[in-house]
Amino acid sequence: DPTLTDWKTFAYSMDQKDFVTEGYEAFARGGFYRFRSPDPKATNLRVFAIYQKDLGASDVDITLRTDKLAGGYTGAVCRYTEKGWYQVMFEPGGWSIRLAQYDQDGQLHFHRLAYEWFPWLSLNDSATINDLFRELRFTCQGNRLTLYVNGVRYASFLDDTFPSGKVGLLGWSFENIEEMGMVDKFLVQRVQGSEADLAGSAPTPGADGAL
């Protein structure tokens, strides 16, 4: 949907530790979802686009593919609610899964649940970064969260904080404000089957295809 009329967009400044209402853009053009900030002072933003329609499923399998990471980074959101959400992100030199949650004073915190850095990876080697962080798959099945990068499982663990919610995208950059991330594929499916060696909820019977 190039108009993004069914998407809610917002941004959080990691420097200001607060939401901002201007200085960012989320839009679709040329077959990509794009995130950027035309404001030269608006660095280190997390720009979110949340799909507002009800998918009718809490257990989802999200696939995100990007073709450009040299100027920005991308990620996926699972089980977004007004109280918080889960997010998985490509970051400089690695990846992370975070729990975004408000405290009793209304302050939003991003708790890192799992992560991995690749010390051998040169951030100046954009070709290697593009190959390494081409495709991300994030499954939220019952209370189990699992991350795959280019088809390889990197993390799988349990968390009960958010049992349901919406899905979405995010883009960000520390310095390059003109291109904070580009996504050329965003696919959401109902979770199919289960991993035999992992505890998790039962699969959704008779449900297949994109949501």
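The values are calculated or read from the model by the stated rules, or taken from the named source; none is laboratory data. Predicted model only: the values in this text are computed from it and were never measured. Please note: Cβ atoms are built from the backbone with ideal geometry, for glycine as well, and neighbour counts cover all protein chains shown. With ligands, DNA and RNA removed, areas are computed over all heavy atoms of the protein, side chains included. Shrake-Rupley method; radii C 1.70, N 1.55, O 1.52, S 1.80 Å.
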Being in a strand (DSSP E or B) and open to solvent by 30 Å² or more (accessible area, probe 1.4 Å) is the filter here; which residues of segment 142-170 pass it? 148, 152, 153, 154, 156, 157, 158, 166
Taking segment 81-115 and keeping residues surrounded by fewer than 19 Cβ atoms within 10 Å (Cβ to Cβ), closer than 18 Å to residue 48 by Cβ and either of a type in the set (S, T, N, Q) or in contact with a helix residue (DSSP H, G or I) (Cβ under 6 Å, 6 or more places away or on another chain) (or both) leaves 81, 101, 107
Kindly check whether there is at least one residue in segment 69-78 that is among the polar types (S, T, N, Q), within 19 Å of residue 188 (Cβ to Cβ), at pLDDT 80 or above and open to solvent by 60 Å² or more (accessible area, probe 1.4 Å). no
Specify the residue that is modelled with the lowest pLDDT; the eligible residues are those in segment 30-44 that are within 21 Å of residue 100 (Cα to Cα) and out of contact with any Gly (no Cβ under 7 Å at 6 or more places or on another chain). 43
Check segment 9-29 and report whether any residue there is surrounded by 13 or more Cβ atoms within 10 Å (Cβ to Cβ), part of a loop (DSSP other than H, G, I, E, B) and at pLDDT below 80. yes
